[in-house]
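**Q** Starting off with a structure, shown below.
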Amino acid sequence: MKNKCIISFVVVALGLSGCTKLNEDLNGQVGNSGVTSGNVASVLGASYAAMVGPYQAPWNWSALQEVTSDETIVPTRAGDWDDNGAWRALHLHKWAPDHSRISDVFRDLNSISYVATSVLGSSPTPSQAAQARFLRAFAQFSILDGWGQVPYRDAGEDVTKPSRVRNAADELSYLISELTAIIPDLPTGPANIANKNAARTLLMKVYLNKGAFLNRTAPTFDAADMAKVISLADEIATGGYTLTAGYFDNFAPTNDILSKENIFTAQNIAGSSGSDLDGMWKCTTHYNQNPNGYNGFSTLSNFYNKFEATDTRRGGNYTGQTNVSGIRVGFLVGQQFDQNGTALKDRKGNPLAFTPEVSIIERDPNHLEVAGIRVIKYPIDYANTGSKKPDNDWVYFRYADVLLMKAEAQLRTSQAAQALITVNLIRTTRGASAFTSLTLDNLLDERGRELYWEGFRRQDLIRFGKFLAAWQEKPASEAKYLLFPIPDNQLGNQNLIQNPGY
């Protein structure tokens, strides 16, 4: 019971959006004084559980990465999805330091870091310590990505004093040293725990984004860093990963069995434990679909049009399961049907036909409910919808991303021919035509096609120098939006410095 109580405390606490200093309070509750050799495994479990809140839902860290990009829009539909303009602010790059989504995610990511640190304050085994250090590094990488400065504590520090803060350069050095150090003590698998190749993948991302994190307005790419990306990819390749022939098998209810490329995932157990992945469907499906949803998140037609018709990533019927609702996987556009083939209608009685046309504020009452192409990335676990937990394991890292990062490092170091081979391996596996040449522009597009709605797009656009550009339903934006603001409710820690322009 003690184990369940500790994990439950963390999960419940992470959901309390009213706690402005939760990162400090949480460390005090399950921190150094509360961890003993007898419950260190429980607190390590709590560290994994703490990942649910910020990562395993479309409206938290994923929203900060995707709704701020050219891949995702949450249009205001009369009173639906207005939320005091919070979603519009993300897409238009008009957020402020009191933005609730930014504040909640910053708090929850820091909570992962602090709970994982508390594991180290007792007598963990080398493997337990390495896993906790990986989860802490994982969260701190996201904080660095979003805010450019990272609060931290060492095990045993006085929790009544403000957290110390590392700047971008110091945090990058720390992450490289930390991840390199823990790889020998991490297990080789399975994918649903911190493992050696998960650490190597995260280390690839550190090296690949290093120049962008140090200078976001003009990223640079050091040849030695790119060589590290390539060598780490080659190490990961020895792990037996291959591209999964069925793209959506990587996200299916049985993806722990079907996927040959998932490197790091969060285990979800059907009907009982894990994330509310049901939200991945409900945030986008219509009220009259099954499972019924909230009719919100959509993609943009310009992004959808980047896919060839033969590209299996664009979606269709998912052959890995019986479809009991009529909902396809991938992109939902045009007339929608139930499982009997009957055409559905919206709540006004109009045909439920999702349109490529979408505006940041929808004003036509007959277009409100159908505007925007919808996305189903995770095939629906029909046996576990509603209040049940679905069985799809949440995917953090896949081998396809490793290959694309390797190709990018090759391209940035005058190895375009080798990079082209790598990218075409992915494209032909996905049913797309092979490229005849590879440029930074079509590589960025390819990362979008392969990794859409997986929480990487903002990071990619910044690294490729495209994040401030105008795109569909968004004008060009100011350089200050390359970083999120430190939330107002966190500035009581005088070691945190508000980012420029806020």
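**Q** Can we say LEU438 is open to solvent by less than 40 Å² (accessible area, probe 1.4 Å), part of a helix (DSSP H, G or I) and either touching a Cys at 6+ places or on another chain (Cβ under 7 Å) or not β-branched (Val, Ile, Thr) (or both)?
**A** The answer is no for LEU438.
**Q** Out of region 379-409, which residues are part of a loop (DSSP other than H, G, I, E, B) and open to solvent by less than 10 Å² (accessible area, probe 1.4 Å)?
**A** First pass over region 379-409, keeping only residues part of a loop (DSSP other than H, G, I, E, B): 379-381, 385-393.
Residues satisfying the conditions are PRO379, ILE380, PRO390, ASN392, ASP393.
**Q** Let me ask you something else. Tell me which of these ALA41 doesn't satisfy, since it passes every other one: (1) of a type in the set (A, V, I, L, M, F, W, C); (2) at pLDDT 95 or above; (3) part of a helix (DSSP H, G or I).
**A** (2)
**Q** For region 320-331, does any single residue satisfy the condition of being open to solvent by less than 70 Å² (accessible area, probe 1.4 Å), farther than 17 Å from LEU368 by Cβ, without any contact (Cβ under 8 Å) to a residue 24 or more places away in the chain and in a strand (DSSP E or B)?
**A** The answer is no, given that none of the residues of region 320-331 is open to solvent by less than 70 Å² (accessible area, probe 1.4 Å), farther than 17 Å from LEU368 by Cβ, without any contact (Cβ under 8 Å) to a residue 24 or more places away in the chain and in a strand (DSSP E or B).
**Q** Moving to a separate point now. So, LEU425, is that one out of contact with any Lys or Arg (no Cβ under 8 Å at 6 or more places or on another chain) and buried (at least 22 other Cβ atoms within 10 Å of the Cβ) or not?
**A** Against the criterion (out of contact with any Lys or Arg (no Cβ under 8 Å at 6 or more places or on another chain) and buried (at least 22 other Cβ atoms within 10 Å of the Cβ)), LEU425 does not qualify.
**Q** While we're looking at this one, here's another question. Of the residues in region 215-224, how many are closer than 15 Å to GLN415 by Cα, open to solvent by less than 70 Å² (accessible area, probe 1.4 Å) and without any contact (Cβ under 8 Å) to a residue 60 or more places away in the chain?
**A** Of the residues in that region, 1 qualify.
**Q** Then there is this: Hey, among ILE257, ILE263, which residue is hydrophobic (A, V, I, L, M, F, W, C) and either surrounded by 16 or more Cβ atoms within 10 Å (Cβ to Cβ) or in a loop (DSSP other than H, G, I, E, B) (or both)?
**A** ILE263
**Q** Going by what's in this entry, would ALA181 be described as surrounded by fewer than 20 Cβ atoms within 10 Å (Cβ to Cβ), more than 30 Å from TYR481 (Cβ to Cβ), at pLDDT below 95 and not polar (S, T, N, Q)?
**A** So ALA181 does not fit the description; no.
**Q** Another question, if that's okay. Kindly indicate the residue of region 121-162 that is at pLDDT below 95 and not charged (D, E, K, R) and also nearest to LEU491 (Cα to Cα) among those meeting that condition.
**A** Per the stated criteria, the residue is PRO162.
**Q** Hey, can you tell me all the residues within region 332-360 that are in contact with a helix residue (DSSP H, G or I) (Cβ under 9 Å, 6 or more places away or on another chain) and either open to solvent by less than 70 Å² (accessible area, probe 1.4 Å) or more than 16 Å from THR284 (Cα to Cα) (or both)?
**A** Residues satisfying the conditions are VAL333, THR355, PRO356, VAL358, ILE360.
**Q** Next up: Given the options GLY465, GLY455, GLY492, name the one that is out of contact with any strand residue (DSSP E or B) (no Cβ under 6 Å at 6 or more places or on another chain), closer than 13 Å to ASP70 by Cα and in contact (Cβ under 8 Å) with a residue 12 or more places away in the chain.
**A** Matching residue, one of GLY465, GLY455, GLY492: GLY455.
The values are calculated or read from the model by the stated rules, or taken from the named source; none is laboratory data. Quick caveat, the model's predicted, so the values are computed rather than measured. Note that each Cβ is placed from the backbone with ideal geometry, even for glycine, and that neighbours are counted across all protein chains shown. With ligands, DNA and RNA removed, areas are computed over all heavy atoms of the protein, side chains included. Shrake-Rupley method; radii C 1.70, N 1.55, O 1.52, S 1.80 Å.
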